[in-house]
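Participant: Take this structure, written in structure tokens, and hold onto it; I'll ask about it next.
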Amino acid sequence: MNEGTAAEAAKPGATTDITPLGNEVFQIDTRMAGYDGITAGYLIRSKRPCLVETGTAPSAPVVRDALTQLGIGADDLATVVVTHIHLDHAGGAGDIAAMFPAAQIVVHQRGARHLADPSRLMAGARQVYGDALDGLFGVLAPVPADRIVALDDTGTIDLGGGRHLDSHYSPGHAKHHVGLIDSDSGDLYTGDAAGVYIPETADLRPATPPPDFDLETALGSLRKFGALEPTRLLFSHYGPVSGVAETLDRSAEEIRVWVEQTRQAHAGGLDLDHAVAMLRDRTNARYAALRPGADPGLATRFERLSSTALNVAGIMHWLGTTE
């Protein structure tokens with residue numbers, strides 16, 4: 001590792017893409033679809049350096065350059081861990097694996113086969129996003145099967161020097177989702193299980209896309225996160241939050257609000273478009289980023305991070321299987 005280069009990159013203001021968070025943890029803006037502040041990857045610069053989240057496939061060069069600035073060369077990265085296999089979190093896994101040939105790629109066992117053979121995952125994403133898929137997410141390249149480490153519902157990733165990430169299965173958003181807690185820093189990498197966060201306004205909104213959303217499972221994962229007693233939450237969307245208990249409580253509240261409003265729309269026989277319009281009307285006032293007079297750029301980012309239509313579709317799909 002080039003420690004001089006890493007020290008320069010860690011200086012405040014040295015780059016707009018890298019933010020040092022302490023404990024040798026660095027937030028990397030992966031610049032999804034060219035936007036700032038959409039999706040974060042995190043480097044743990046331990047004795048066995050570890051990248052948490054790759055971002056999308058088009059983000060892979062951005063992530064590689066950030067790791068280079070932090071002193072992590074092609075043969076230095078030991079591990080890449082993804083919280084789940086959605087393309088904004090793991091879409092760059094194949095490209096990053098090729099760029100860093102010594103790294104193992106770690107994922108929950110329910111997602112492992114889709115990293116080795118992404119064809120089914122990509123076909124499903126194409127159905128949802130259509131022609132917008134390429135610009136938003138690109139194409140997930142296959143990860144060599146012999147480099148994939150499949151986690152059970154709990155697992156440990158060795159960071160070297162006695163430091164480790166402990167993995168905890170946390171479905172509800174996705175059946176292949178894990179949360180990761182750092183033994184040294186106490187940071188909990190939340191993926192999408194706690195929703196999406198806008199740091200400029202401290203807004204928090206749920207992430208409930210189809211087909212895996214399940215209310216009680218999602219709330220159970222939040223309770224599990226609280227029981228781990230992390231010192232800080234590191235959101236993939238987007239950034240660190242220190243108020244752990246109140247943030248997890250807010251996350252649970254938001255999920256319940258969205259489910260209740262969608263349940264009313266579903267019971268009233270509204271189609272998806274009308275249900276989405278109703279949800280926007282009844283929930284937008286909860287979020288400073290969406291109130292009249294707010295920066296329109298924040299509203300655009302919020303919708304990118306937590307699409308109202310996808311959230312409602314996910315809840316309606318769940319309601320259709322339970323009610």
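The values are calculated or read from the model by the stated rules, or taken from the named source; none is laboratory data. Note that this is a predicted model, so its numbers are computed, not measured. Every residue, glycine as well, gets a Cβ built from its backbone with ideal geometry; the counts of neighbours run over all protein chains shown. To get the accessible areas, we keep the full protein, side chains included, count just its heavy atoms, and leave off ligands, DNA and RNA. Shrake-Rupley method; radii C 1.70, N 1.55, O 1.52, S 1.80 Å.
Participant: Rounding to the nearest 10 and keeping the result within 0 to 90°, find how far the Cα-based axis of helix 308-322 lies from the longest principal axis of the chain.
Facilitator: Here the helix axis deviates by roughly 70 degrees.
Participant: Summing Lys, Arg as +1 and Asp, Glu as -1, what charge do residues with Cβ under 10 Å from the Cβ of residue 164 carry, residue 164 excluded?
Facilitator: Taking every Cβ under 10 Å from that of residue 164, the sum is -2.
Participant: Using the scaling law 2.2 N^0.38 Å as the reference, what is the normalised Cα Rg of region 148-254?
Facilitator: Rg over 2.2 N^0.38 Å, computed on Cα atoms: 1.03.
Participant: Between rounded, prolate and oblate, where does the chain land on the alpha carbon gyration tensor, with a ≥ b ≥ c its root eigenvalues, rounded for a/c under 1.5, else prolate if a/b exceeds b/c?
Facilitator: Prolate is the answer for the chain, as a/c is 1.5 or above and a/b outweighs b/c.
Participant: Any idea what angle helix 119-129 forms with the longest principal axis of the chain, computed on alpha-carbon atoms, 0 to 90 degrees, nearest 10?
Facilitator: 50 degrees
Participant: Given springs between every Cα pair under 10 Å in a Gaussian network model of the chain, which of 260, 200, 53 has the largest fluctuation?
Facilitator: 200
Participant: At a 1.4 Å probe radius, carbon and sulfur cover how many percent of the accessible area of the chain?
Facilitator: Taking all protein chains in place, the chain shows 51 percent carbon and sulfur surface.
Participant: What shape does region 171-323 have by the C-alpha gyration tensor, where a ≥ b ≥ c are the square roots of the eigenvalues, rounded means a/c under 1.5, and otherwise prolate means a/b greater than b/c and oblate the rest?
Facilitator: oblate
Participant: Could you compute the net charge surrounding residue 200? Neighbours are other residues with a C-beta less than 10 Å from the C-beta of residue 200; K and R count +1, D and E count -1.
Facilitator: Charge balance in the 10 Å sphere: -1.
Participant: State to the nearest 20 debye the size of the charge dipole of region 201-323 about its Cα centre, where the only charges are +1 on K and R beta carbons and -1 on D and E beta carbons.
Facilitator: Computed about the Cα centre, the dipole is about 280 debye.
Participant: If one computes the Cα centroid of region 20-66 and of region 169-185, what distance in Å separates the two points?
Facilitator: The two parts, judged by their Cα centres, are 17 Å apart.
Participant: Any chance you could run the full-extension gain for residue 245 through residue 257? It's 0.36 nm times the residue separation minus the Cα-Cα distance, nm to one decimal.
Facilitator: 2.5 nm
Participant: Separation between the residue 120 and residue 267 pseudo-spin-labels, each 7 Å from Cα along Cα→Cβ, expressed in nm?
Facilitator: Taking the simple label geometry, residue 120 and residue 267 are separated by 3.7 nm.
Participant: Would you mind classifying region 159-218 by shape? Square roots of the alpha carbon gyration tensor eigenvalues, ordered a ≥ b ≥ c; an a/c under 1.5 is rounded, otherwise it is prolate if a/b is larger than b/c and oblate if not.
Facilitator: Here region 159-218 falls in the oblate category.
Participant: Also, quick follow-up: If packing is taken as the mean number of other Cβ atoms within 10 Å per residue, what is the order of 171-178, 215-222, highest first?
Facilitator: Averaged packing, sorted descending, gives the order 171-178, 215-222.
Participant: Let me ask you something else. Please report Rg (one decimal) and Dmax (integer) in Å for the Cα set of region 61-163.
Facilitator: Taking only Cα atoms of region 61-163, I get Rg and Dmax of 14.2, 46 Å.
Participant: OK, next. Tilt of helix 215-227 relative to the longest C-alpha principal axis of the chain, in degrees (0 to 90, nearest 10)?
Facilitator: Relative to the chain, helix 215-227 is tipped by roughly 40 degrees.
Participant: Net charge within 13 Å of residue 100 by Cβ-Cβ distance, Lys/Arg positive one each and Asp/Glu negative one each, not counting residue 100 itself?
Facilitator: -1
Participant: Under 5 Å between amide hydrogens, which residues at least 5 positions from residue 48 or on another chain qualify, with H placed 1.01 Å from N in the peptide plane?
Facilitator: Those lying under 5 Å, H to H, from residue 48 are 160.
Participant: Apply the Karplus parameterisation 6.51 cos²θ - 1.76 cosθ + 1.60, with θ equal to phi minus 60°, to every residue of region 280-286 and state each ³J(HN,Hα) to the nearest whole Hz, in sequence, with x for glycine and proline.
Facilitator: For region 280-286, the Karplus-derived couplings read 4, 4, 8, 10, 4, 5, 6 Hz, x marking Gly and Pro.
Participant: Which Cα, out of 68, 265, 233, lies furthest along the positive dipole direction of the chain (beta carbon charges, K/R +1, D/E -1)?
Facilitator: Result: 265, furthest along the dipole toward the positive end.
Participant: Continuing with the same structure: As I understand it, the dipole of the chain uses +1 on the Cβ of Lys and Arg and -1 on the Cβ of Asp and Glu, about the Cα centre. Which of 252, 201, 112 lies farthest toward its positive end?
Facilitator: Value: 252.
Participant: On average, how much accessible surface per residue is there in the chain, in Å², for a 1.4 Å probe, leaving out ligands, DNA and RNA?
Facilitator: Ligands and nucleic acids excluded, the figure is 40 Å² per residue.
Participant: Calculate the dipole size of the chain relative to its Cα centre from +1 charges on Lys and Arg beta carbons and -1 charges on Asp and Glu beta carbons; express the result in debye to the nearest 20.
Facilitator: The calculation lands at about 220 debye.
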